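Comments concern the structure below.
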Amino acid sequence: MNSSFEFAQLMDTEDPLYKIREHFILPGNETYPQIYLLGNSLGCQPKNTAVYIQDVLNQWAEDGVESFFKGNNPWMDYHAHLQQPIAKIVGALPEEITVMNQLTVNLHLMLVSFYQPNGKKRKILCEQKAFPSDQYTLETYIRHLGLDPEEIIMEIGPRVGEETIRTEDIVSYINQHHEEITLVFWGGINYYTGQLFDMVSITKAAQQNNIKVGFDLAHAAGNVALRLHEWNVDFACWCGYKYLNGGPGAVAGCFIHKRYHEDAQINRLAGWWGYEKATRFKMEKGFKPVPTAEGWQLSTPSLLLYACAKAALDIFELAGWKNILSKQEKMKTYIWFLLQQLSESKTDKPFSILTPELERGNQISMLVLQNGRMVYDALMREGITVDWREPNVIRFAPAPLYNSFEDIWRLVDAIKRAIHLTKNS
């Protein structure tokens with residue numbers, strides 16, 4: 001491996017997934033092409049998204065409500081087309097997957113089922129500086145129950161002088177406070193640092209202490225290898241618009257382990273769409289859930305959002321999830337190599353990497369030590385699309401489906417020139 005432009009081009013030549021990027025509409029145009037590196041915020045649009053949406057519109061126009069039952073792709077069966085591809089990506093059984101609502105709505109629904117305070121055992125453990133929507137979900141749900149968030153929520157943060165949270169500290173805290181904790185709710189990847197947490201160890205520690213465990217996988221689903229069923233996770237939720245490329249406000253996903261599907265004692269909020277399919281249209285009193293994760297569905301889904309999700313998932317199927325992960329590993333190694341070379345070539349360290357080398361997915365969070373905003377602005381002027389987090393962090397996430405090794409080379413080359421420019425300005 002070397003840092004030459006020619007080596008990046010060679011890597012692209014040898015990449016079996018290189019042409020998959022042709023299935024996406026990449027931002028920019030021929031006169032102002034962009035290198036888009038923000039799949040951690042919003043994935044690129046598949047070219048077939050408009051086609052799939054138009055198919056739904058055509059069905060609606062031609063058959064009206066009968067579209068639920070007629071045509072080549074009846075709407076009543078549409079959800080089934082999404083379960084299998086998602087199940088592969090998150091490591092679940094298809095019946096453990098439901099595609100519904102948006103992330104925060106699903107988190108509230110999961111708290112109804114999995115947060116069951118009982119006597120002293122009533123606290124929730126989460127990461128310090130979790131994504132704000134997670135914090136707001138916990139805060140408001142706890143207030144809804146008439147409890148005090150300050151008393152219920154327990155947080156773990158990094159050690160003094162460190163940026164990321166050690167797994168050993170999480171496990172130790174669970175073991176130390178297990179008599180008080182009833183739920184561990186954690187992010188799979190921290191949105192700010194890009195740290196990938198050891199979900200296996202967290203789950204094992206929690207469940208050994210009779211604690212339920214759930215994950216927000218907004219930054220993990222479609223990004224890293226997951227095996228939710230095998231890890232015995234109780235529940236997990238994720239959005240569909242980041243690495244899954246489902247579009248802004250995309251329909252979200254939820255994993256509920258199969259051991260809960262026919263548990264008559266579990267709490268849930270119910271809706272007609274989660275009712276037993278065989279008798280749903282009898283409209284009878286008394287809720288009978290579908291005996292799968294679909295039993296947590298509430299309302300008739302948006303077929304337009306389903307169409308967006310399917311357009312993206314079909315590309316995942318075409319590329320193959322194992323192939324995507326294989327390319328990701330190569331890209332992770334390559335970008336780390338280039339950034340290390342750049343850092344070591346400078347006498348005064350221009351940046352540090354918040355993201356742990358061995359605990360990460362696609363995202364890297366770069367802490368710029370001088371003139372960070374100027375470096376960010378310089379990258380954006382060159383058509384290198386990254387994002388900015390106060391006070392001085394630049395985040396980027398090369399996505400295997402539509403980014404190339406040349407994109408990575410151009411990113412690091414632009415960082416090098418931006419640092420030089422801002423230093424001498």
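What to note about this one:
- Count of the range 15-36 residues, restricted to those that are surrounded by fewer than 11 Cβ atoms within 10 Å (Cβ to Cβ) and closer than 15 Å to residue 407 by Cα, is 3.
- Boolean, residue 209 is under 19 Å from the mean Cα position of the chain (by Cα) and modelled with pLDDT of 95 or more: no
- Residue in the range 150-170 that is farther than 16 Å from residue 125 by Cα, modelled with pLDDT under 95 and of a type in the set (Gly, Ala, Ser) present: yes
- Test for residue 9: is it modelled with pLDDT of 95 or more, part of a helix (DSSP H, G or I) and more than 25 Å from residue 272 (Cβ to Cβ): yes
- Residues that are more than 22 Å from residue 78 (Cα to Cα), in contact (Cβ under 8 Å) with a residue 24 or more places away in the chain and not β-branched (Val, Ile, Thr) within the range 258-299 comprise 260, 262, 267, 268, 269, listed in sequence order.
- With respect to the conditions (1) modelled with pLDDT of 95 or more; (2) open to solvent by 50 Å² or more (accessible area, probe 1.4 Å); (3) touching a Lys or Arg at 6+ places or on another chain (Cβ under 8 Å), residue 291 lacks only one, and its number is (3).
- Residue 49 meets all of the listed conditions (1) touching a residue at least 12 places away in the same chain (Cβ under 8 Å); (2) out of contact with any Ser or Thr (no Cβ under 7 Å at 6 or more places or on another chain); (3) farther than 25 Å from residue 219 by Cα but one, namely (3).
- Subset tally (residues that are farther than 18 Å from residue 316 by Cβ and either outside any loop (DSSP other than H, G, I, E, B) or open to solvent by 40 Å² or more (accessible area, probe 1.4 Å) (or both)) for the range 37-67: 17
- If the condition is being among the polar types (S, T, N, Q), in a helix (DSSP H, G or I) and within 17 Å of the chain's Cα centre (by Cα), then the range 71-104 contributes 83, 104.
- The listed residue being small (Gly, Ala, Ser) and at pLDDT 95 or above, out of 372, 361: 361
- Evaluated against (1) open to solvent by less than 10 Å² (accessible area, probe 1.4 Å); (2) assigned to a helix (DSSP H, G or I), residue 125 falls short on exactly one condition, (2).
- Hits in the range 301-312 (condition: open to solvent by 10 Å² or more (accessible area, probe 1.4 Å) and either part of a helix (DSSP H, G or I) or aromatic (Phe, Trp, Tyr) (or both)): 303, 304, 305, 308, 309, 310
- Some residue of the range 347-358 being over 16 Å from residue 408 (Cβ atoms), modelled with pLDDT under 95 and small (Gly, Ala, Ser): yes
- Taking every residue in the range 229-250 that is closer than 17 Å to residue 201 by Cβ and pairing it with any residue that is basic (Lys, Arg), at least 6 positions away or on another chain, the pairs with Cβ-Cβ distances below 7 Å are 234/212.
The values are calculated or read from the model by the stated rules, or taken from the named source; none is laboratory data. Please read these numbers as outputs of a predicted model, since none were measured by experiment. Backbone-built Cβ (ideal geometry, glycine too); neighbour counts: all protein chains shown. Keep in mind that these areas ignore ligands, DNA and RNA; they rest on the heavy atoms of the full protein, side chains included. Shrake-Rupley method; radii C 1.70, N 1.55, O 1.52, S 1.80 Å.
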